[in-house]
Amino acid sequence: MDNNILKRKKPSFAFIFFIVMFVALLFSMFITNKNTVATISYSDFLTFLENDNVKEIVIIDEKIINAKIIANGGVITPVTLDIPYADAELMKLLREKKVAIFGKTTKDGFLSVIINLLPMIMMVFVFFMLMRQNSVTNERGMQFGRSRAKLYDKNSKNISFNDVAGQVEAKRELEEIVDFLKNKNKYLDLGAKIPKGVLLVGNPGTGKTLLARAVAGEADVPFFHMSGSDFMEMFVGVGASRVRDLFSQARTAAPAIVFIDEIDAIGRSRGSGLGGGHDEREQTLNQLLVEMDGFESTSGIIILAATNRPDVLDKALLRPGRFDRQVHVVMPDVKERTEILKVHAKKIKMDEKVDLEKFARATPGMSGADLSSLINEAALFAARKDKNIVGDEEFEFARDKILMGVARESMVLPEKEREMTAVHEAGHTLMYYHLKNVSPLHKVSVIPRGRALGVTIGLPKEDSYSHTKEYLKDQLIILHGGYAAEKVIYNDTTTGTQNDIQRATEIARNMVCQWGMSDLGPVSFGQDDEPIFMGKEIARYKDYSEKTAEEIDFEIKKIIKFAQSKAEEILRKNIEQLKSLAKELLEKETMDDEEIRELLKIVPVSETVEVV
Ligand code: ADP
Ligand code: MG
Ligand code: ZN
């Protein structure tokens, strides 16, 4: 597809600069060529003259003599010399010896002045250019300014809405945009106002970029694609000039779509961020606003932008006449995941027996991007095994890799550490079979993956958007299962519990502070627990008193204590199960639900409702 991108490129300034330098260098070498002629002293010259060994001379500007002398052995050799003083005797002697005398004045003074001044002129020129761009001398300083918007050839194999699985709502709203682009006049005749900007909002990997390209494909118009971070360079003013250029390119190509991906990179609230704001970003954003206001909605340009952080965008961007429409691009549910898998499976050679629906069910929480890479991983794996068709086994492998990370088979743990890891994971695992409000277990493994020595993974049956207090409590108990198992078996704990404890504490804090699930009641304390970027969240404040803070801590501790003792209680009661599971795990390395049930002689989950 890349060869369908039309590159609009002008020779960069740096290129021209180097050509000029090169030519100048060649030129000056040519001019100063005379240096290759031997220089002799005036007295030597006079000796040659007296011995009748000078054939002819050229006197240049009355200062230099280029002479042809007859050197030893009768070879005629050109030499050059400076005349040290006005020697009246010289002329007499030359005449006497019948030397042919020529004179020459270098009236090419202009050229030599230019050549002498060339380096200076160059430097002034470069300096001027850099000043104009308001920047420092830098290799990149030579080629900025021009927007690097990628224009996809509209005749190329287009992406259409058919390539986007699911996203019914988003597609319906965007179909309207396609219609605007195709039948502009229909709307204008009725006096309807065509929207200028549409903001695509959704989590990473949900298909925002894909949708934007599909809109261009459906409408069959050029697609100018630029990412918010492309505008951000180290030079002040570059972003703004890129915006200007992007829009002028789009205007000549109208009707067209301008797509600004990751707009939050430039569109964050102005005046926020550390150090009192960011000049470059503000200038870029201002220029974008100016451009958006500058063209008529009748011009046939529609601007799409994508973000996963609409909350941090500058309010000015969302005002009427700018991005006043929002389209939500959502995470896929089971049915949509099946469709996405099907779309991408078409691109590979897949065994017909593979049940994509099963894999859709087994991948809750995965985005479209995750699913497309799952298919690709499966194909890669099949290729590595020299298979000519992708089957069930490869899909299993790919899913586990994405869910649990890559197995680090080369990492050999000491026996003792492997044993402790098995006990730890067995502790987590047993919780799945002794708690009521849990999802089924997917797999438990003691093969080191990434930074984890082992993993236990549950598999939600359906997508869940909210959780009950009971569910969360059981999650906390599962998280404490590993710690409790180490304590029960070894009466000691390892550092492997760090991540578990951290996650448990986070859930407990949210239960108290956000979800009103403690004795403090349904009150929200403090702001969202979102990661702090350089945006306005920096001004997070504590909206509760010291006393309340103590109460919050107390409630969190209470919840954690409860989960801890519950986990320990379950394990002490079932210590034989714990031991045999850990032993089996050490041998098999990876076990799934079925194998565990067989070992522990537990009936399927639908029949166990007993809570311990
Ligand atoms: P975003 O821009 O929202 O981060 P992308 O559009 O870049 O996501 O999606 C990345 C890739 O994931 C796409 O190129 C496509 O292969 C796949 N993908 C995402 N959503 C879908 C979907 N709904 N249908 C088909 N493929 C999808
Ligand atoms: Mg994207
Ligand atoms: Zn653990």
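The values are calculated or read from the model by the stated rules, or taken from the named source; none is laboratory data. Since this is a predicted model, take the numbers as computed values, not measurements. All Cβ positions, even for glycine, are placed from backbone atoms using ideal geometry, and neighbour counts span all protein chains on display. Note: accessible area is taken over every heavy atom of the protein model, side chains too, but ligands, DNA and RNA are not part of it. Shrake-Rupley method; radii C 1.70, N 1.55, O 1.52, S 1.80 Å.
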For A256, other-chain or 5+-apart residues with amide H closer than 5 Å (H placed, Pro excluded) are I301, I302
In nm, what is the difference between 0.36 nm times the number of residues separating K347 and A549 and their Cα-Cα distance?
67.2 nm
Let me know the Rg and Dmax you get for the range 334-404 when you use only its Cα atoms, in Å.
10.8, 32
Overall dimensions of the range 415-600 by Cα: Rg and Dmax, Å
18.1, 55
Return the Rg/Rh ratio of the range 37-104 with Cα-based radii and a Kirkwood Rh.
0.91
With no solvent and one point on each alpha carbon, what is the Debye value of log10 I(q)/I(0) for the range 315-461 at q = 0.09, 0.14 Å⁻¹?
-0.41, -0.81
Span from the the range 188-259 Cα centroid across to the the range 296-366 one, whole angstrom:
17
Ignoring ligands, DNA and RNA, what accessible area per residue does the range 150-329 give at 1.4 Å, in Å²?
41
Of K335/K385; K469/K547; K182/K358; K315/K469, which ones are farther than 29 Å apart at the Cα?
K335/K385; K182/K358; K315/K469
Give the residue list of trypsin sites (Lys or Arg not before Pro) in the range 173-233 that are DSSP loop and have at most 15 other beta-carbon atoms within 10 angstrom.
K193
Long-range tail of P(r) for the range 150-329 (Cα pairs > 28 Å, %)
19
For I70 and V113, extending 7 Å from Cα along the Cα-Cβ vector and measuring point to point gives, in nm, a value of 4.4
